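Below is one structure; the comments refer to it alone.
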Amino acid sequence: MQVEIREADFDPYAELLQYQTKMQQGGQYGATTIFVGSMRDFNEGDEVKAMVLEHYPKMTENFLLQISQEAAEKWSILDSLIIHRVGEVHPADPIVLVAVWSAHRKDAYEANRYIMEALKSKAPFWKKEFLEKGERWVQQNTPGR
Amino acid sequence: MMIQIRFFASLREKLQLDDCELELVGPLSVEQVWQKVTHDQPMPANVLCAVNLEYVSLEHEVTGGEEVAFFPPVTGG
């Protein structure tokens with residue numbers, strides 16, 4: 001189980017491969033679910049040029065570990081990995097990776113969704129968007145969208 | 001006893017308040033901490049608060065030594 005906040009661009013697929021190689025649980029997991037969230041170049045009808053992501057150091061990491069542990073208690077999973085960007089991001093940059101490994105697909109699917117929805121609704125991150133004309137804070141996330 | 005107070009994101013910009021300290025003479029609720037450090041500015045209805053890095057309600061009491069944080073709805077992911 002691992003949680004990381006990254007201040008620089010990352011390749012979620014390279015990270016996934018690297019983490020999975022270190023897991024040494026090959027043969028035990030039959031299912032891996034991966035969620036990758038990337039930056040869109042549009043929001044609420046406007047073109048978005050860039051975003052800055054802010055977080056609450058320590059509280060954010062603690063919260064992501066907490067929801068990873070909750071997922072491990074609710075579902076039969078073998079491991080999980082969360083990586084989330086902070087700082088300046090641009091369209092198409094990966095923002096978040098959530099990966100879950102389990103013996104069977106149901107646990108991996110449901111635990112991944114649980115982690116992602118908990119992250120979106122309660123993990124202390126905030127996005128500021130930079131538009132052609134000025135900047136604005138994103139007001140709130142839409143539940144389960 | 002002192003407490004540390006932190007503000008994040010749009011709330012920090014709106015209030016134009018940086019992180020600060022407050023000397024306590026007795027226990028205060030998180031809501032009372034807000035009133036003191038913002039000089040009674042109205043609290044937006046959707047403000048979230050944390051004490052020592054965990055979410056708490058506005059009624060939660062602090063007695064000294066804590067870190068209190070106020071922030072707007074979260075928008076990660």
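Coordinate-derived values only; no laboratory data. No experiment lies behind these values; they were computed from the predicted model shown. Counting neighbours? That spans all protein chains shown, and the Cβs are built from the backbone with ideal geometry, glycine included.
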D for the stretch A:9-129, whole µm²/s, Stokes-Einstein with Kirkwood Rh over alpha-carbon pairs at 4 °C and 1.567 mPa s: what number?
-> 85 µm²/s
Using only Cα atoms, tell me the angle between helix A:105-122 and the longest principal axis of chain A; keep it within 0 to 90° and round to the nearest 10.
-> 30 degrees
Would you list A:Thr60, B:Thr38 from fewest to most Cβ contacts within 10 Å?
-> B:Thr38, A:Thr60
Can you tell me the dipole magnitude for the protein assembly as shown around its Cα centre, using point charges on the Cβ only (Lys, Arg +1; Asp, Glu -1), in Debye to the nearest 20?
-> 640 debye
At the level of C-alpha centres, the distance separating the stretch B:49-77 and the stretch A:66-121, in angstrom, is 24 Å
Taking N as the number of residues in the stretch A:54-98, what is its alpha-carbon radius of gyration divided by 2.2 N^0.38 Å?
-> 1.36
Fully extended, how many nm does the chain gain between A:Glu88 and A:Tyr109 (0.36 nm per residue separation, minus their Cα-Cα distance)?
-> 4.6 nm
Under 10 Å, Cβ to Cβ, from A:Lys74 - net charge with Lys/Arg +1 and Asp/Glu -1 = -4
Per-residue ellipticity at 222 nm attributable to helices in chain A (runs of n ≥ 4 DSSP H, -39500 (n - 2.57) apiece, nearest 500 deg cm²/dmol) works out to -10500 deg cm²/dmol
Pop a pseudo-label 7 angstrom from the Cα along the beta-carbon direction at both A:Ser76 and A:Met1 and give the gap in nm to one decimal.
-> 1.8 nm
If R0 = 41 Å, then B:Glu54 and A:Asp41, at their Cβ-Cβ distance, give a FRET efficiency to the nearest 0.05 of 0.70
Label-point separation in nm, B:Gln16 to A:Asp11, each point 7 Å along Cα→Cβ | 4.7 nm
